[in-house]
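Notes follow once the structure below has been shown.
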Amino acid sequence: MKNIFKLSNKILMTALLTGLLSSVGSAILESRTFYSADKSKSFKGTLIAYNEEDQIVRVRSTKGKDLTFKLSVLSEKCQTYIAKNASKIAVASSLDITFEKVKEKKVKGADGVNTTFDVIFYNRSKTIIKGMVLDYTVYYSKDTLNKGKRTTTKLTATGSFDVYDLDPKYRTTETTKMISIVNKTIAGKGGG
């Protein structure tokens with residue numbers, strides 16, 4: 001019985017990006033109903049920006065149109081929601097996240113290559129991003145060949161990054177947990 005571990009970089013990158021961004025801005029990614037101050041009008045949308053100084057709100061409607069208006073036109077409950085989520089919106093709009101695959105040297109005689117990913121965080125804003133903890137999940141599969149039959153098992157590796165305070169215009173790199181990846185080709189069976 002031979003084990004073959006495969007890692008799809010595209011799936012991994014998507015999984016990491018999805019996990020990180022949903023952790024950073026889960027509250028801003030959810031659609032909700034916004035009400036006018038007198039509650040006579042409402043619409044569904046997603047909060048995407050808020051300028052606290054000018055009291056300007058930007059919401060993306062469920063039809064995909066960006067709507068910009070003064071905070072005061074919304075109900076008290078909506079205003080409270082926006083104030084509560086202002087820092088999350090600022091983080092989501094100020095943070096760049098990139099990925100780089102890191103491969104250890106292959107050990108002679110071993111099938112696996114220890115693989116990690118560097119996740120680079122860059123704060124584009126002029127303010128400190130405080131208390132940032134991001135969870136991630138890496139999705140990969142393990143293929144087993146037994147008497148010519150291939151069986152695939154879906155696996156995950158999870159972890160989190162405690163970035164804490166990210167200064168303005170500062171970049172930091174965190175590394176995911178290590179996964180032993182085997183890329184092995186078996187004559188007549190494939191793999192790799």
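Structure above, values below:
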read-out	value
Formal net charge of residues neighbouring Lys130 (Cβ-Cβ distance under 11 Å; K, R +1; D, E -1)	-2
When each of Lys39/Lys63; Lys44/Lys77; Lys63/Lys88; Lys101/Lys177; Lys41/Lys63 is checked by Cα-Cα distance, pairs over 19 Å	Lys39/Lys63; Lys63/Lys88
Cα gyration tensor shape for region 30-93, rounded if a/c is under 1.5, else prolate or oblate	oblate
Order by protection proxy (mean Cβ within 10 Å, highest first), peptides 149-157, 48-56	48-56, 149-157
Contact order relative to length of region 55-150, as percent, for alpha carbon pairs under 8 angstrom and 6 or more apart	17
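Read-outs throughout are calculated quantities, based only on the coordinates presented, and are distinct from any laboratory measurement. All values derive from a computational prediction rather than experimental measurement. When we count neighbours, we look across all protein chains shown, and the Cβ atoms used for this are built from the backbone with ideal geometry, even at glycine.
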